[in-house]
Amino acid sequence: PLAVPLADWITVAWGDGPLQAISVGFGLYIDGITLLWMLFVTVLATLIALYASEYMESDVKAGYARFFFAVSLFVASMLILVMSDNLVGLYLGWEGVGLCSYMLIGYYATQPGATAAAKKAFIMNRVGDLGLALAIFLIWTNYGTVSYDGLFQAVASADPLSAQGSWSKAAIPFLLLMAVCGKSAQGPLFTWLPDAMEGPTPVSALIHAAPMVTAGVYLIARTFPLFAAHPASLEVVAW
């Protein structure tokens, strides 16, 4: 893997002891998984944008620019999600994708069905995102880092039985799976996805068939060492 630091982002300290300071940079983490998803996201999003440029021709009005702004922001958020070198950066992209899905599903804002579907998708994704936020907090309290390099080294050097003996470590993969269920529309947090058809057809292609629902797949692939440390979580993922 190639870690490319770009800038300092978050630095907070409230003491001199352990776990009394957190420093999060803004950078890129390039490896096989990242390259695969970069190709996947950019190629599909480009094809969808080209399709949308013709599909939306009959709908050129005040919301036309808003539509393509939301599509572009969606792609940018997805790339931040897959290219970030730490979990906080992933969370930034994760929330950006959720915001854009709300804007795109509710594009026809004068239709009650569209606004209801957008709110349903937003709220159900927030339920899953709570799991991701709690998982990141537990990862930091247990391993002392949210960067991938430091986290994977800490997991590899930890006692294999410690993940199963500590409830806070054991809860991490299940909280991550909760986030996956929300974003990738797996049970029980799947009922927002059929309603998302209220958005224009290119939105359905962008959300249903392409990047957004695969963000959960990426999260499991990226944090797989945390799942491997707790075999029971892999059985739950399989189910």
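Among the numbered criteria (1) surrounded by fewer than 17 Cβ atoms within 10 Å (Cβ to Cβ); (2) aromatic (F, W, Y); (3) not in a helix (DSSP H, G or I), which one does Y29 miss?
Here Y29 clears every test but (1).
Considering only residues of the stretch 186-239 that are among the charged types (D, E, K, R) and in contact (Cβ under 8 Å) with a residue 60 or more places away in the chain, which is surrounded by the fewest Cβ atoms within 10 Å (Cβ to Cβ)? Lay out the reasoning, then the answer.
Just the residues of the stretch 186-239 that are among the charged types (D, E, K, R), to begin with: 195, 198, 222, 235.
So of that shortlist, the ones also in contact (Cβ under 8 Å) with a residue 60 or more places away in the chain come out as 195, 198, 222.
Values: D195: 18, E198: 22, R222: 22.
Top of the filtered list is D195.
Out of curiosity, is E95 open to solvent by 80 Å² or more (accessible area, probe 1.4 Å), out of contact with any helix residue (DSSP H, G or I) (no Cβ under 6 Å at 6 or more places or on another chain), among the acidic types (D, E) and without any contact (Cβ under 8 Å) to a residue 60 or more places away in the chain?
Here the answer is no, as E95 does not meet what is asked.
Given A228, A210, A205, A196, which one is hydrophobic (A, V, I, L, M, F, W, C), over 13 Å from the mean Cα position of the chain (by Cα) and at pLDDT 85 or above?
On the way: A210 fails: at pLDDT 85 or above; A205 fails: at pLDDT 85 or above; A196 fails: at pLDDT 85 or above.
One residue alone meets the criteria, A228.
If I filter the stretch 55-73 for residues that are within 13 Å of M212 (Cα to Cα) and at pLDDT below 90, do I get at least one hit?
Checked the stretch 55-73: at least one residue is within 13 Å of M212 (Cα to Cα) and at pLDDT below 90.
Exactly one condition in (1) over 22 Å from G199 (Cα atoms); (2) in contact (Cβ under 8 Å) with a residue 60 or more places away in the chain is false for L130; which is it?
The single condition L130 does not satisfy is (2).
For the stretch 24-34, does any single residue satisfy the condition of being within 28 Å of L138 (Cβ to Cβ), touching a Lys or Arg at 6+ places or on another chain (Cβ under 8 Å) and at pLDDT 85 or above? Show your work before the answer.
In the first step, residues of the stretch 24-34 are kept if they are within 28 Å of L138 (Cβ to Cβ); the result is 24-34.
Pick out the ones that are also touching a Lys or Arg at 6+ places or on another chain (Cβ under 8 Å) and you get 33.
Subset that is at pLDDT 85 or above: 33.
Checked the stretch 24-34: at least one residue is within 28 Å of L138 (Cβ to Cβ), touching a Lys or Arg at 6+ places or on another chain (Cβ under 8 Å) and at pLDDT 85 or above.
Between residues in the stretch 104-120 that are under 18 Å from F68 (Cα atoms) and among the aromatic types (F, W, Y) and residues that are open to solvent by 70 Å² or more (accessible area, probe 1.4 Å) and in a helix (DSSP H, G or I), which pairs lie under 9 Å by C-beta distance while being six or more apart or on different chains?
Pairs found: Y107/R66; Y107/E198; Y108/E198.
How many residues, within the stretch 32-57, are in contact (Cβ under 8 Å) with a residue 40 or more places away in the chain and open to solvent by 60 Å² or more (accessible area, probe 1.4 Å)?
3
Given the options S72, S23, name the one that is open to solvent by 30 Å² or more (accessible area, probe 1.4 Å), of a type in the set (G, A, S) and assigned to a helix (DSSP H, G or I). Quick ask: steps written out before the conclusion?
Values: S23 fails: assigned to a helix (DSSP H, G or I).
None of the others qualify; the one that does is S72.
Here are the criteria: (1) in a loop (DSSP other than H, G, I, E, B); (2) touching a His at 6+ places or on another chain (Cβ under 9 Å); (3) not aliphatic (A, V, I, L, M). Tell me which single one P173 does not satisfy.
Only one criterion in (1) in a loop (DSSP other than H, G, I, E, B); (2) touching a His at 6+ places or on another chain (Cβ under 9 Å); (3) not aliphatic (A, V, I, L, M) is unmet by P173, namely (1).
Among the numbered criteria (1) surrounded by 12 or more Cβ atoms within 10 Å (Cβ to Cβ); (2) outside any helix (DSSP H, G or I), which single criterion is violated by I80?
Going through the list (1) surrounded by 12 or more Cβ atoms within 10 Å (Cβ to Cβ); (2) outside any helix (DSSP H, G or I), I80 breaks only (2).
Identify all residues within the stretch 58-69 that are among the basic types (K, R) and either free of Cβ contacts under 8 Å to residues at least 12 places away in the same chain or crowded, with 19+ Cβ neighbours inside 10 Å (or both); write none if there are none.
The first filter runs over the stretch 58-69 and keeps only residues among the basic types (K, R), leaving 61, 66.
Of everything in the stretch 58-69, just one residue is among the basic types (K, R) and either free of Cβ contacts under 8 Å to residues at least 12 places away in the same chain or crowded, with 19+ Cβ neighbours inside 10 Å (or both), namely K61.
When you check L132 against the structure, is it within 18 Å of the chain's Cα centre (by Cα), outside any helix (DSSP H, G or I) and crowded, with 19+ Cβ neighbours inside 10 Å, yes or no?
Details: within 18 Å of the chain's Cα centre (by Cα): yes; outside any helix (DSSP H, G or I): no; crowded, with 19+ Cβ neighbours inside 10 Å: yes.
Spelling it out, it is not the case that L132 is within 18 Å of the chain's Cα centre (by Cα), outside any helix (DSSP H, G or I) and crowded, with 19+ Cβ neighbours inside 10 Å.
Kindly indicate whether any position in the stretch 201-213 is within 29 Å of T11 (Cβ to Cβ) and among the small types (G, A, S).
Kept after step one, since they are within 29 Å of T11 (Cβ to Cβ), are these residues of the stretch 201-213: none.
No, the conditions are met nowhere in the stretch 201-213.
The values are calculated or read from the model by the stated rules, or taken from the named source; none is laboratory data. Owing to the predicted nature of the structure, the values given are computational and were not obtained by experimental measurement. Neighbour counts are summed over all protein chains in view; Cβ atoms, including those assigned to glycine, are modelled from backbone coordinates with ideal geometry. Note: accessible area is taken over every heavy atom of the protein model, side chains too, but ligands, DNA and RNA are not part of it. Shrake-Rupley method; radii C 1.70, N 1.55, O 1.52, S 1.80 Å.
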